[in-house]
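Okay, so here's the structure we're looking at.
The values are calculated or read from the model by the stated rules, or taken from the named source; none is laboratory data. Just so you know, these numbers come straight off a predicted model, no measurement behind them. Neighbour counts are summed over all protein chains in view; Cβ atoms, including those assigned to glycine, are modelled from backbone coordinates with ideal geometry.
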Amino acid sequence: MKNKYSIFSLIKNAFSQHENWKQAWGNPEPKKEYEAVIVGGGGHGLATAYYLAKKHNMKNIAVLEKGWIGGGNTGRNTTIIRSNYLWDASAGLYDHALKIWENLSQELNYNIMFSQRGVMNLAHNLQDVRDLKRRTHANRLNGIDAVWLDTKQVKEFCPIINISQDIRYPVLGGTLQRRAGTARHDAVAWGYARGADAMGVDIIQNCEVKGIKRNGDHVEGLDTTKGFIKTKKIGVVAAGHSSVIANMAGLKLPLESKPLQALVSEPVKPIIDTVVMSNAVHAYVSQSDKGELVIGAGTDAYISYTQRGSHDVVEGTLKAILELYPIFSRMKMLRQWGGIVDICPDASPIISKTNIKGLYFNCGWGTGGFKATPGSGDLFAHTIANDEPHKLNAAFNLNRFVSGDLVDEHGAAAVAH
Amino acid sequence: MFVINCPYCGERDQSEFSCGGEAHIVRPKQPTELSDDEWAEYLFMRKNIKGVQFERWNHAHGCRKWFNMVRDTSNDKIHAVYKMGEKPPVI
């Protein structure tokens, strides 16, 4: 890679007051034709382009991004990474991603600040306890690290948790995946953008797709705000806007787009060194390296593309946070935002061909796509390059909604949906 | 967050309501004769429109009655509210 980042480049650039760093990726105008075009320049889209170029030797490709790199859901999620899903198909998919995360900074020569600080999922009633214990067993059968903690062990692992049994939803125990953790979300997009660009991928920002040109059963190109681009393969990774792109091709998807909110507090000294999630009370919290508490709320229960969300959802989440962590009662919240997530009926993603030749969709990640970014890109690249799914994403095809072979993770995976 | 004009109770906060998704999806008259593709279309496939959408809502923490609503999903502006069984307005 040209302009490799290292201790030597850091020292060299220090002599010029860090004013001569080269741009991490270029800003090209679109060519007339590409071998493949990826729609959506978030983490998943950029990773797809990166692996298409790296593993499948497709260099004449472009990533089209409506806004700017890292400005969509990639920069709006709560950065949690884990793979403790219940079903075999999901465990395979998410653990594939987790294994790539473990070496990603080295591979990309870009510090994505991956931190395996552990993710703890709390149980608040007897059914939670049974479900979460069952899940730890399922995880271990799939080679995924998971342990059950009783209430005392939960308190030892995260001392600020209130384990009083007199609260509305007392802590009865929890599961812990130690290999899980967080990463700096926008660095992931930047690292993949830089890596893809270095292999010749055109990253075209401020370029919105306005239409998909079809000729019978196959695609011929895209109408964009920067003109028509000819291509035989289109990979759509547009998250909340997947249905909008699908409608352009005359296709309907089993998705509903909803606002998902998150918020951060004022920065404070280190107080919580792990990620704690609670499905039942719908609150999860971690602390960023800047010291802010990063808090995730639930989705609004109606379709909306507004990137806002309702106040009562945030209020409900903060009530739960305060009951579990009374120590935060006087913290001030700094910022709140929403992202639009595309939710599948079975809460599992779609990485799939469609019945239109050359049109591929990677969507339906719903409320938890960030953790899968590298694996999703790798498997989607495989699907596009070979016109066939990899065995790890074969179960995540569009046809499952016809066959009924759903990957029903809804409420089954300690997922905060 | 917005205010919804329930056709039975008047203006109430949106948090009192729950959304039932896309409206006017008709249950198949002859379920036994449906192909798998047609079932998938009825059960799962949705328009998920960015823009003016017809949808069902329920006043869950109020009168508990269902009704229809026309709302722009790109800005949450409500164009019309009408009762179940009434003809959808032209927007």
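From A:Asp346, A:Asp312, A:Asp342, which residue is within 14 Å of another protein chain (Cβ to nearest Cβ) and free of Cβ contacts under 8 Å to residues at least 24 places away in the same chain? Reasoning before the result, please.
Numbers: A:Asp346 fails: free of Cβ contacts under 8 Å to residues at least 24 places away in the same chain; A:Asp342 fails: free of Cβ contacts under 8 Å to residues at least 24 places away in the same chain.
Of the residues listed, the single one that is within 14 Å of another protein chain (Cβ to nearest Cβ) and free of Cβ contacts under 8 Å to residues at least 24 places away in the same chain is A:Asp312.
Going residue by residue through region B:35-45, is there one that turns out to be modelled with pLDDT of 95 or more and at positive phi? Reasoning before the result, please.
Our first condition is that a residue be modelled with pLDDT of 95 or more; within region B:35-45, this holds for B:35-45.
Filter again for at positive phi, leaving none.
The answer is no; no qualifying residue exists.
Condition first: surrounded by fewer than 23 Cβ atoms within 10 Å (Cβ to Cβ), within 14 Å of another protein chain (Cβ to nearest Cβ) and over 25 Å from A:Arg184 (Cα atoms). Can you find one or more residues in region A:318-327 that meet it?
Yes: region A:318-327 contains one or more residues that are surrounded by fewer than 23 Cβ atoms within 10 Å (Cβ to Cβ), within 14 Å of another protein chain (Cβ to nearest Cβ) and over 25 Å from A:Arg184 (Cα atoms).
In region B:9-58, which residue that is within 16 Å of the chain's Cα centre (by Cα) and more than 21 Å from B:Lys77 (Cβ to Cβ) is surrounded by the most Cβ atoms within 10 Å (Cβ to Cβ)?
B:Met45
Every residue, every condition in (1) under 27 Å from A:Val314 (Cα atoms); (2) touching a residue at least 40 places away in the same chain (Cβ under 8 Å); (3) touching a Lys or Arg at 6+ places or on another chain (Cβ under 9 Å), yes or no:
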position: B:Val3; (1), (2), (3): yes, no, yes
position: B:Lys29; (1), (2), (3): no, no, no
position: B:Glu33; (1), (2), (3): no, no, no
position: B:Glu38; (1), (2), (3): no, no, no
position: B:Asn48; (1), (2), (3): yes, no, yes
position: B:Ala60; (1), (2), (3): yes, yes, no
position: B:Asn75; (1), (2), (3): yes, no, no
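Does region A:38-52 contain any residue that is closer than 20 Å to A:Asn362 by Cβ, aromatic (Phe, Trp, Tyr) and not in a loop (DSSP other than H, G, I, E, B)? Explain how you work it out, then say what you get.
Step one: of region A:38-52, the residues closer than 20 Å to A:Asn362 by Cβ are A:38-52.
Okay, now just the ones that are also aromatic (Phe, Trp, Tyr), so A:50-51.
Those still in the list that are not in a loop (DSSP other than H, G, I, E, B) too: A:50-51.
Yes, because at least one residue in region A:38-52 is closer than 20 Å to A:Asn362 by Cβ, aromatic (Phe, Trp, Tyr) and not in a loop (DSSP other than H, G, I, E, B).
I'd like to verify a number: residues in region B:46-76 that are more than 9 Å from every other protein chain (Cβ to nearest Cβ) and of a type in the set (Gly, Ala, Ser), how many?
2
Residues are listed down the side, and each one gets a yes or a no for (1) touching a Cys at 6+ places or on another chain (Cβ under 6 Å); (2) within 9 Å of chain A (Cβ to nearest Cβ); (3) not aliphatic (A, V, I, L, M):
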{"residue": "B:Asn5", "(1), (2), (3)": "no, no, yes"}
{"residue": "B:Gln14", "(1), (2), (3)": "no, yes, yes"}
{"residue": "B:Ser18", "(1), (2), (3)": "no, yes, yes"}
{"residue": "B:Glu22", "(1), (2), (3)": "no, yes, yes"}
{"residue": "B:Ile25", "(1), (2), (3)": "no, no, no"}
{"residue": "B:Lys29", "(1), (2), (3)": "no, no, yes"}
{"residue": "B:Asp36", "(1), (2), (3)": "no, yes, yes"}
{"residue": "B:Ala40", "(1), (2), (3)": "no, yes, no"}
{"residue": "B:Phe44", "(1), (2), (3)": "no, yes, yes"}
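Looking only at residues that are assigned to a strand (DSSP E or B), within 14 Å of chain B (Cβ to nearest Cβ) and not charged (D, E, K, R) in region A:254-283, which one is nearest to A:Asn84 (Cα to Cα)? Break it down stepwise before answering.
In the first step, residues of region A:254-283 are kept if they are assigned to a strand (DSSP E or B); the result is A:256-265, A:275-278, A:283.
Retained after the next criterion (residues that are within 14 Å of chain B (Cβ to nearest Cβ)): A:256-259, A:261.
This time we only want the ones that are not charged (D, E, K, R), so: A:257, A:259, A:261.
Values: A:Ser257: 25, A:Pro259: 25, A:Gln261: 23 Å.
Filtering region A:254-283 for residues that are assigned to a strand (DSSP E or B), within 14 Å of chain B (Cβ to nearest Cβ) and not charged (D, E, K, R), the one nearest to A:Asn84 (Cα to Cα) comes out as A:Gln261.
Here is a check on your reading of the model: is B:Ala80 among the aliphatic types (A, V, I, L, M) and more than 10 Å from chain A (Cβ to nearest Cβ)?
On the way: among the aliphatic types (A, V, I, L, M): yes; more than 10 Å from chain A (Cβ to nearest Cβ): yes.
It is true that B:Ala80 is among the aliphatic types (A, V, I, L, M) and more than 10 Å from chain A (Cβ to nearest Cβ).
Kindly indicate the residue of region A:80-91 that is of a type outside the set (A, V, I, L, M, F, W, C) and surrounded by 23 or more Cβ atoms within 10 Å (Cβ to Cβ) and also nearest to A:Ile350 (Cα to Cα) among those meeting that condition.
Residues of region A:80-91 of a type outside the set (A, V, I, L, M, F, W, C): A:82-85, A:88, A:90.
With the extra rule that they be surrounded by 23 or more Cβ atoms within 10 Å (Cβ to Cβ), the set shrinks to A:82-85, A:90.
Working: A:Arg82: 19, A:Ser83: 17, A:Asn84: 19, A:Tyr85: 16, A:Ser90: 12 Å.
This residue is A:Ser90.
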